[in-house]
Amino acid sequence: MCVPGCQEALWHALSRRRLLKGAVAAGLSAAAPEAAHAASPRRFSSVVDLTHTMSPGFPTYFGVSGIEMEKKFDFKKDGFNLYWWRIIEHAGTHLDAPIHFSENGISAEKIPASTLVAPLAVIDVAAMAAQNADYLVSREDLAGWEKKHGKLPENCCVAMHSGWGQHVGDPPKFTGKDAAGVLHFPGFGVDAAEWLIKERKVAGLAVDTLSLDHGSSKDFKVHYAWLPSGRWGLENVANLDKVPASRATLVVGLAKVEGATGGPARVMALV
Ligand SMILES: [Zn+2]
């Protein structure tokens, strides 16, 4: 799965800060973190792709194509292939940066890379969401996760697994658009989001739907609470049913565009 040494290098980077903190607390010398790392190597055995394939037909919040691709150069004619893209920043599997719902929040390129590699906590609400398309992830759902897996790890990403990822090929079901044009899909409850901001140290939220807020939300309370706090969000995340509820590491490969309010991302879980 990996060239020799790459897992070691990655986990070394992931655990460096924690090890340094531990070394300072223990009054150890600068060489000690290396020794501590050697004593407890961390590994992953597989990479799960949490990214949907983007295409003009992928459902979007706005109901229009999220990407247009124009072939500007063709291999037979020009000797190489190249498209020009026109995209909506917030389409397909993508990240919401703090500036998306705030006046002075940071834009995509300013999000520290260190927060884009994070322990992944998956909150499974698929059974409830199957019964209620407007389901909101609650404080109780978060408490249920902690009861099973312990306190949410620092700088983690808390992901809602609602089961909606499997509906992506069925846009009417995925968007839940009713006769009045109102969308219906699950999202985070604002009480849960505010509790995470106040009581836990969380880097980002993730959802397998079009929005952090549930589909019928008109006031985007979760967006307005979460993003201005300097945290990020991920939307349209795939394959959350294929990762464990805890102990995986999320890696977000975000496009780094100056001033962007978010953007397409290749999102992976190291399991
Ligand atoms: Zn978005």
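Read-outs: derived from the displayed coordinates by stated rules, not from any lab. Note that the structure is a prediction, hence the values are computed from the model and not measured. With ideal geometry, Cβ positions are generated from the backbone for all residues, glycine too; neighbour counts draw on all protein chains shown.
Note on PHE62, PHE174, PHE80: ascending count of other Cβ atoms within 10 Å places them as PHE80, PHE62, PHE174, the fewest first. Listed by chain and number, the lysines whose alpha-carbon sits under 22 Å from that of LYS256, ignoring those within fewer than 8 places in the same chain, are LYS110. Extension gain for GLU146-ASP219 works out to 23.4 nm (0.36 nm per residue, less the C-alpha to C-alpha distance).
Counting charges near GLN166 (Lys, Arg +1; Asp, Glu -1) among other residues having Cβ under 10 Å from its Cβ returns a value of -2.
The loop-placed GluC sites (Glu not before Pro) in region 195-271, going by DSSP, that have at most 12 neighbouring Cβ atoms within 10 Å of their Cβ come out as GLU258. The distance between label points at ASP178 and LYS110 comes to 4.0 nm (points 7 Å beyond Cα on the Cα→Cβ vector). Within region 123-271, antiparallel bridges make up roughly 35 percent of the DSSP beta bridges whose residues both belong there.
The Cβ shell under 14 Å around ASN81 holds other residues with a net charge of +1, Lys and Arg each +1, Asp and Glu each -1. Close amide-amide hydrogen proximity is noted between GLY253 and ARG266, VAL267, MET268, each under 5 Å apart and 5 or more residues distant or on a separate chain (H modeled in the peptide plane; Pro and chain starts excluded).
Restriction of the trypsin sites (Lys or Arg not before Pro) in region 151-194 to DSSP coil positions whose beta-carbon has at most 13 other beta-carbons within 10 angstrom yields LYS151. Extension gain for GLU68-ASP170 works out to 34.7 nm (0.36 nm per residue, less the C-alpha to C-alpha distance). For region 67-162, run through the GluC sites (Glu not before Pro) and keep only the ones in DSSP coil with at most 10 other Cβ atoms within 10 Å of their Cβ. Sparse-neighbourhood loop GluC sites (Glu not before Pro): GLU103.
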